[in-house]
Every structure is written in C-alpha cells, then in structure tokens.
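A quick write-up on the structure given underneath.
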Amino acid sequence: MATGKPQIQQLARQLFKLSFVDGRLSNEQVAGVLAYVEKTHAANAVAILKVYQRLVAAEVAKGSAVIEHAGPVADATLSAIGTSLSQRYGRPVTTTAKANPSLLAGLRVRIADDVYESSVSGQLAALSESV
Amino acid sequence: MSTVIEQIEQQIAKLSNKAVRKNTGIIRTVADGVAKIDGLSDVAYNEMIQFPNGVIGIALNLAADEVGAVVLGDVSQLKEGDEVSTTGKLLSVPVGKALLGRAVDALGNPVDGKGPIGSTETYPVEKIAPGIMARKSVSQPLFTGIQAIDSMIPIGRGQRELIIGDRGTGKTTIAIDTIINQAKINKVGAASGDPAFRPVYSIYVAIGQKNSNIVRTIAALEAAGALEYTIIVAAPAADNAANQYLAPFSGAAMGEWFMENGMDALIVFDDLSKHAVAYRQISLILKRPSGREAYPGDVFYLHSRLLERSARLDGKGSLTALPIIETLAGDVSAYIPTNVISITDGQIFLETDLFNQGIRPAVSVGLSVSRVGSAAQIKVTKQVGGKLKGELAQFRELAAFAQFGSDLDAKTKSQLDRGGRIVELFKQPAFNPISIELQAVTIYALQKGYYDALDTKKVTAAAVSIREFFATRKDALLTEIRTKAALDKDLEAKIVAALDEWKSTYAA
C-alpha cells in the first residue's frame with residue numbers, strides 16, 4: 001500500500017477516477033471505493049481518504065452553486081441562475097440560497113473555484129482598490 | 001435622438017452592473033514566503049494572485065491539485081484558510097523617465113521617501129527576449145571611463161559583459177564608475193547640442209545586498225551627479241527571496257522601455273550569484289527537484305532569459321547589461337559563474353592578488369575578454385591602444401619568468417619596463433572615470449615614450465598631470481579628438497605639440 005505523500009496522492013487520484021460513471025461522479029462508485037479502502041485495511045487509509053475527500057468535494061462543488069444574497073430573492077431568479085450556470089458549465093447545477101447581509105445589496109454566486117460578484121460590497125471593494 | 005442616447009446609457013449601465021467573475025482558491029499552507037493554494041483552477045503560470053490585505057503573489061508551480069505561489073509582501077498578514085483570487089494579469093512594473101533619480105523596490109514602489117512616481121506606463125516583468133530579426137549587431141561603444149577596459153576589453157551598446165571576481169575586488173566599483181561615466185557623457189552631449197547624441201540611462205539592480213551598501217552606492221551616484229540618469233532597483237538582503245528573484249526582471253523591464261522607445265540604457269545586476277541563491281531558496285521551498293549544488297534544473301534558463309533581454313534593436317535603442325558574479329577563491333569553474341560566462345558576450349575578471357598589489361582596477365588581462373571586440377571601439381582608441389593587450393599579456397608572462405633569474409637580456413628588460421609602465425598607467429582611483437579623449441591622450445603619450453624618462457612608479461602621477469593639463473588648457477583639442485574620433489596627421493601633430501608643452505612644464 002502507499003507510504004509516501006506522492007504515492008498517497010496518486011492512489012487517491014486513482015480511486016477518484018474510479019468514482020466516475022459516464023463522466024459523472026457516482027454515489028455507488030464512491031460507496032464502493034470506501035468499502036474497498038475499509039476492506040484492505042490500508043496503513044495510510046486516513047491520509048488516502050482525506051485526499052480523496054478533497055477531490056470528491058471539489059468535484060461536488062462544481063455541480064452546486066451557493067447564491068449569497070443581501071435581500072429577498074425570488075425563486076424564479078434562483079432557478080434562472082441555476083439554468084444559466086448549468087448551460088455555462090455543461091452539467092446540472094443545483095442552487096442553494098444563503099442570506100449574507102454584508103453584501104449590502106445584490107448577489108454573489110459561488111460555484112467550485114469561481115465567484116460571480118454582483119453585489120454593492122464587491123463594487124465598493126473594487127472601487128477602493130482602484131483609488 | 002435622445003432615445004438613442006438613452007439606449008446607449010442603458011446599455012452602459014447594464015454592462016457596468018454585469019457580474020464580475022473571479023477564480024478563487026484557499027490558502028492551505030504559508031511558509032518561508034511561499035503559499036500552497038487549493039483551487040485557482042484557471043490560474044496561469046506567472047499570473048499575479050491577489051491575497052487578502054492587498055498582498056500580491058505570483059503563481060510559479062501549477063500542480064494537479066494545488067498551486068504554489070511566491071508572496072511579494074508581508075507574509076505575516078496571511079493565514080491558512082484565507083481566500084485568494086486570480087487577477088488575469090502578469091506582474092508589471094512602472095516604466096519611463098519618471099523613474100530616473102528614484103530608488104524603487106522589485107515591484108516598482110518607491111523606497112526613497114521622495115513621494116509617488118508619476119509614471120503612467122507599465123511593462124510586464126517577464127517578457128520574451130527580442131528575436132533574431134529585430135536585432136542589430138553591436139557596433140556602438142559604451143565607454144566605461146576605465147582605461148583598462150575601454151582600451152583592451154571594449155564594451156558596446158547592447159552587449160552583455162560579465163564582471164566577475166572574488167569579494168572585495170572592486171566589481172561594484174567598476175559598475176558604478178560606468179554609470180557615473182554615462183552621466184558625464186550625457187551632460188557633455190546635452191551641452192553640445194548635437195542632435196545625433198544618444199544619452200545612456202542607467203539602471204542599477206541591487207540584489208541581496210546590505211542596505212548600508214545600497215545607501216553608499218546611491219550617495220556615490222548622487223555625489224557624482226549621476227543619480228538623475230539612474231534608476232535604483234533595490235531588493236536588499238532583508239527582502240524576501242521572491243523580491244530578490246524578481247528585482248532583475250523588474251530592472252530589465254524598466255530598461256526595455258528605454259530600448260523600445262529608441263533610447264540607450266545600461267543595466268547592472270549586482271549580483272547574479274545572490275539572485276541564483278534566492279531562486280534556489282524559492283525552488284527548494286516549492287519542492288522542485290534540485291540539481292547540482294541544490295540549484296533547480298532551470299537556473300541556467302533563469303539567467304539566460306534575463307540576459308537575452310539585453311540587445312541592440314534595429315531601428316530602436318539598446319540595452320547593455322553588466323551582470324556581476326561573485327566567485328569563491330577565484331574559482332570561475334563553479335556552477336553559476338560558468339553558466340553566466342557562457343551566456344554573456346565576454347567577461348571582466350578581477351583578481352584578488354592584483355587588487356592587493358595595489359593594481360586597481362584589478363582587471364586580469366589574460367582572463368578578461370570582450371567577444372564584441374574592436375567592433376565597439378572608436379578608431380582613436382584602436383589607433384593608440386590596439387597593441388596594449390598583447391604587450392600586457394607578454395609582460396605578465398615575462399614577469400612570472402623573470403622571477404627565477406636576474407640576468408635578463410636588453411629586449412626582455414625593455415619589455416618588462418614597458419609592461420610595468422602600462423600597469424602603472426592603468427591604475428585609476430574609484431569613482432573617477434576618465435573621458436575617452438583623455439584616455440587617448442595618456443595612452444598616446446605612452447606609445448610615444450613620454451613616460452620613458454620617468455621612474456615606473458611615477459607614471460601614474462605623470463598621467464594624472466597630463467590629464468589635468470589637457471582638461472584645463474587644451475579643451476579645444478579634446479573636443480576635436482572627441483568629434484573626429486580618429487587620429488590624422490594634423491591631430492597627431494597637435495597632440496605632440498601639447499604633450500611637448502606639458503613635458504616642458506612637468507617636474508617629476
């Protein structure tokens with residue numbers, strides 16, 4: 001079983017690749033991977049699973065958008081954003097609304113590594129940087 | 001009509017409200033000026049990264065699941081879990097004439113307390129060097145004001161000439177002398193009103209040096225009136241390794257502005273040994289594979305891509321580079337010295353033994369070379385000093401041989417005597433560059449035997465006296481030498497007459 005850090009990362013990546021079916025992360029495959037790691041009693045199981053968890057979490061985040069809002073947001077707006085993001089990223093995107101009064105007004109959409117800023121606080125921050 | 005304007009205004013308002021997309025990441029670790037970041041899936045190599053509290057960094061390692069970035073600022077303000085974002089920009093520094101007379105850090109921020117820099121233009125720090133077609137061969141001289149160099153190891157505009165030697169052998173002094181000489185020439189050129197005159201602006205990049213040394217250098221330049229033509233880029237020893245790594249590239253970007261805009265510039269990298277050490281530190285922390293002497297595999301490319309940016313461009317200006325390398329116990333065959341020797345167009349080798357014997361500048365004629373050669377010399381220097389290098393090399397050989405026996409034939413004795421005089425003539429105090437016309441006169445006096453009647457030890461004083469005599473009494477003749485830049489019979493007769501006049505008044 002893997003001993004060094006590079007080997008742990010390599011194995012975690014291999015397990016991560018095995019978790020896909022038709023280019024999509026599969027819950028069954030993930031469960032299978034977990035069962036495999038448990039069954040083999042790997043010496044570095046914790047380390048491997050931590051890396052694996054990070055990779056899976058990053059992949060899950062690509063299909064889930066968090067929409068932060070300062071005021072009330074209509075359901076139609078949320079679904080419109082979800083549709084638009086699904087088109088842009090070429091995969092189904094689920095949306096979660098989260099109130100964030102520090103935005104003052106507007107929205108901030110976070111999906112995977114990308115952040116779409118359309119809030120007053122973001123504009124003020126950009127303004128203060130440019131001054 | 002008003003409807004159309006309203007439509008445009010609405011469109012502008014719509015666009016300005018458009019969401020701004022940022023690619024973000026989370027700091028996983030920060031150590032020794034390097035941050036490991038999760039995320040940043042869209043980051044490009046060498047892209048600027050925005051850290052919290054206005055700190056910026058550069059992405060240097062792009063791995064499958066993490067990004068390694070060097071932090072250019074206060075690392076203590078960053079912590080694990082902080083959000084960072086890409087900027088979509090390459091690191092750029094301010095450029096232009098507004099920087100002249102100023103001291104800036106590796107990012108172009110002023111560090112001299114003289115207020116903000118009024119520069120409107122920026123250039124990327126990393127840039128691909130000019131290609132083959134854009135270049136022109138080096139043929140215009142760049143006078144250092146140091147007799148031994150200008151007459152035997154000439155440097156041309158657009159050349160890369162390495163200054164190499166042990167610590168305390170006068171490497172920085174040669175560079176500073178050259179900068180001071182450019183300022184002197186610029187002033188004379190500006191006063192002459194010659195429209196064809198091309199001034200040389202200087203950039204001095206201090207890497208890993210003590211702050212006190214940088215202050216001393218600035219003071220020397222200021223005292224000589226050269227600071228107004230010079231940009232100081234300071235990345236002192238107290239700066240983090242990332243800034244020391246970037247400083248030469250920032251300096252090169254500032255120099256490129258002059259070159260691209262049809263002007264001539266000189267850049268001094270003081271020194272590239274410390275630059276390599278800073279890069280080694282960054283590379284080791286980034287866990288890049290290390291090679292010889294623990295330097296990363298691309299340390300050659302680090303210096304070659306930097307020095308290749310110095311060039312003479314066809315139809316534009318030039319950027320001349322004087323990189324400095326510090327050797328240990330005169331070992332030029334070490335890793336970094338051999339790398340830089342092979343990249344540059346020649347080297348000025350300084351020897352500790354010569355320095356300790358009082359021969360300053362301690363230029364070793366045998367080991368120093370300029371690959372551009374006499375193409376970058378004016379005719380008058382070639383005429384008066386063309387044979388000096390050979391004579392001096394012969395002298396060194398004979399001097400070593402003569403140690404073993406006292407009975408020498410007359411020819412050998414005369415060669416030794418002449419060599420001794422050349423050595424004495426080339427002695428020159430620090431921060432005192434000599435104009436090319438005065439160099440020509442003193443060397444001409446040597447060729448015509450004006451020092452032969454003197455004791456060898458008195459040659460230096462006699463040469464100083466000749467220079468003073470010409471500078472105070474024969475200004476018109478010096479101007480003629482400078483403008484003609486070649487000796488003809490008429491000019492030679494005038495110089496001989498002036499030297500005779502000097503001889504009649506000079507008492508050794």
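The values are calculated or read from the model by the stated rules, or taken from the named source; none is laboratory data. As the structure is a computational prediction, the values presented were derived from the model and not from experiment. Virtual Cβ from ideal backbone geometry, glycine too; neighbours counted across all protein chains shown. Ligands, DNA and RNA are excluded from the accessible area calculation, which covers all protein heavy atoms including side chains. Shrake-Rupley method; radii C 1.70, N 1.55, O 1.52, S 1.80 Å.
Here are the numbers for this structure:
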quantity: Restricting the range A:27-59 to residues that are touching a strand residue (DSSP E or B) at 6+ places or on another chain (Cβ under 9 Å) and at pLDDT 90 or above, the residue that is least open to solvent (accessible area, probe 1.4 Å); calculated: A:V56
quantity: Filter result for the condition that a residue is within 20 Å of the chain's Cα centre (by Cα), open to solvent by less than 50 Å² (accessible area, probe 1.4 Å) and among the aromatic types (F, W, Y), over B:F269, B:F300; calculated: B:F269
quantity: Criterion: modelled with pLDDT under 95 and either open to solvent by 10 Å² or more (accessible area, probe 1.4 Å) or not aliphatic (A, V, I, L, M) (or both) - qualifying residue of B:A219, B:A190; calculated: B:A190
quantity: Looking only at the range B:406-451, and only at residues there that are without any contact (Cβ under 8 Å) to a residue 24 or more places away in the chain and part of a loop (DSSP other than H, G, I, E, B), the one that is nearest to B:I359 (Cα to Cα); calculated: B:G449
quantity: Filter pass, A:E38 being within 12 Å of chain B (Cβ to nearest Cβ) and among the charged types (D, E, K, R); calculated: no
quantity: Residue count, the range B:455-494 (criterion: over 16 Å from B:L425 (Cβ atoms) and assigned to a helix (DSSP H, G or I)); calculated: 19
quantity: Enumerated strands (runs of 3 or more DSSP E) restricted to the range A:39-131, each holding at least 1 residues that are among the polar types (S, T, N, Q); calculated: A:64-69, A:94-99, A:114-119
quantity: Where a residue in the range B:77-102 is within 14 Å of chain A (Cβ to nearest Cβ) and its partner, wherever it lies, is basic (K, R), with Cβ under 8 Å and at least six apart; calculated: B:S85/B:K22; B:T86/B:K22
quantity: Meets criteria (open to solvent by 20 Å² or more (accessible area, probe 1.4 Å), within 17 Å of the chain's Cα centre (by Cα) and more than 25 Å from B:R135 (Cβ to Cβ)) for B:E326; calculated: yes
quantity: Residue match in the range B:158-179 (condition: open to solvent by less than 50 Å² (accessible area, probe 1.4 Å), out of contact with any Gly (no Cβ under 6 Å at 6 or more places or on another chain), charged (D, E, K, R) and closer than 24 Å to B:R312 by Cβ); calculated: yes
quantity: Segments classed as helices (runs of 4 or more DSSP H), wholly inside the range B:200-288, with at least 1 members that are closer than 20 Å to B:I58 by Cα and not acidic (D, E); calculated: B:241-260, B:272-285
quantity: Count - residues of the range A:100-121 that are more than 7 Å from chain B (Cβ to nearest Cβ) and open to solvent by less than 20 Å² (accessible area, probe 1.4 Å); calculated: 4
quantity: Matching residues in the range B:104-123 - criterion: being touching a Phe, Trp or Tyr at 6+ places or on another chain (Cβ under 9 Å), buried (at least 17 other Cβ atoms within 10 Å of the Cβ) and in a strand (DSSP E or B); calculated: B:Y123
quantity: Residue within the range B:69-76 that is at pLDDT 90 or above, within 14 Å of chain A (Cβ to nearest Cβ) and surrounded by 19 or more Cβ atoms within 10 Å (Cβ to Cβ) present; calculated: no
quantity: Near pairs, Cβ below 6 angstrom, 6+ apart or cross-chain, from the range A:112-127 (on the phi > 0 side of the Ramachandran plot) to any residue that is open to solvent by 40 Å² or more (accessible area, probe 1.4 Å) and not hydrophobic (A, V, I, L, M, F, W, C); calculated: A:A112/A:K62
quantity: Some residue of the range B:59-68 being surrounded by fewer than 15 Cβ atoms within 10 Å (Cβ to Cβ), touching a residue at least 24 places away in the same chain (Cβ under 8 Å) and over 20 Å from A:R108 (Cβ atoms); calculated: no
quantity: Top-ranked residue in the range A:65-95 [being β-branched (V, I, T) and open to solvent by 70 Å² or more (accessible area, probe 1.4 Å); ranked as nearest to B:A19 (Cα to Cα)]; calculated: A:T83
quantity: The range A:59-87, residues that are closer than 18 Å to B:G25 by Cα and either of a type in the set (G, A, S) or over 18 Å from the mean Cα position of the chain (by Cα) (or both); calculated: A:A61, A:G63, A:S64, A:A65
